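Trainee: Sharing a structure here in structure tokens format.
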Amino acid sequence: MPERILLGRILGAHGLQGEVRVRYFGDSPENIELAPCLVLGPEADSPELTKLNCRPGGRASEVLMQLAGVSDREAADGLRGTDVYGDAQALSPLPEGEFYWYQLVGCRVEDLEGRVLGDVESIWDAGGHDLLVLKDAQGEQLLIPTSREVLREIDLEQQLLRVDVLPGLLETKLPPKEEGAEQAAETGADTVTRKKRSRLTGAARKRRKKRAEEGK
């Protein structure tokens, strides 16, 4: 089965003719607009529907979409909360030095001396720079920024990231939770890891914005 990437989530119905409101994940709706078919769920037997139409929505980070077989408001509203997936191979190619979030999840992280720090479980959008969430050998979760000063090398072929451990870097950890809440937190993190979003890293977003401004 092709690797599926989380592209967005259906928010509900729009109008009476079966259109759905979709919040897209990423910096632009390009990937969800270009996908000819979308899979409604992560399972192998999740339904795959042909996209008949996709147009800008009236709200930020939303598009309006018509899917084959969804012809009235009731059917559209029945898809509320459904995650929308696409084929990873169909994502728009990126310039050199830019990466999608899903490509970094699962990578091993080492310092510049080759000491293993952990594996990337998920990525947090922290505004300026995204944060890699690592789980180390002791089961603790570390937060590593993706700034160029810290994240020095990305080797997707080897599934390896190398970071410069600046003073205090490894002290940024997620706080421990009480026993009853800890399991819920671990389950939520696991879900985020499996739902790989088609989003650029924060540093890549800044570079893309700068290039666009320079081209004006």
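A short reminder: the numbers here are calculations on the coordinates, not readings from a lab. Everything numeric in this text was worked out from a predicted model, so none of it was measured. Neighbour counts are summed over all protein chains in view; Cβ atoms, including those assigned to glycine, are modelled from backbone coordinates with ideal geometry.
Trainee: Kindly list the residues of the range 66-102 that lie in the label zone of R148, defined by a backbone N under 18 Å from the point 7 Å along the Cα-to-C-beta vector.
Mentor: Taking a point 7 Å out along Cα→Cβ of R148, the residues of the range 66-102 whose backbone N falls under 18 Å are 95-100.
Trainee: Among G57, I5, C37, flag the residue with its Cα farthest along the positive direction of the charge dipole of the range 1-85, charges on Cβ as +1 for Lys/Arg and -1 for Asp/Glu.
Mentor: Most positive-ward Cα: G57.
Trainee: Explain nothing, just the number: dipole magnitude of the range 20-64 about its Cα centre with +1 on each Lys and Arg Cβ and -1 on each Asp and Glu Cβ, in debye rounded to the nearest 20.
Mentor: The calculated dipole for the range 20-64 is roughly 300 debye.
Trainee: Using each residue's phi in the range 16-25, evaluate 6.51 cos²θ - 1.76 cosθ + 1.60 at θ = phi - 60° and report the 3J(HN,Hα) Karplus result to the nearest Hz, with x for Gly and Pro.
Mentor: Karplus values, whole Hz, x for Gly and Pro: 10, 9, x, 5, 10, 8, 10, 8, 8, 9.
Trainee: Another one. Normalised by the residues of the range 7-73, what does the relative contact order come to in percent, with Cα pairs under 8 Å and at least six apart?
Mentor: So the answer I get is 37 percent.
Trainee: Let me ask something additional. Can you list residues from other chains, or at least 5 along the same chain, whose modelled amide H is less than 5 Å from the amide H of V84?
Mentor: L7, G8, R9, I10
Trainee: FRET efficiency for D27 and R115, Cβ-Cβ distance as r, R0 = 30 Å, nearest 0.05?
Mentor: 0.35
Trainee: Please work out the Cα center distance from the range 26-74 to the range 92-147, rounded to the nearest Å.
Mentor: 29 Å
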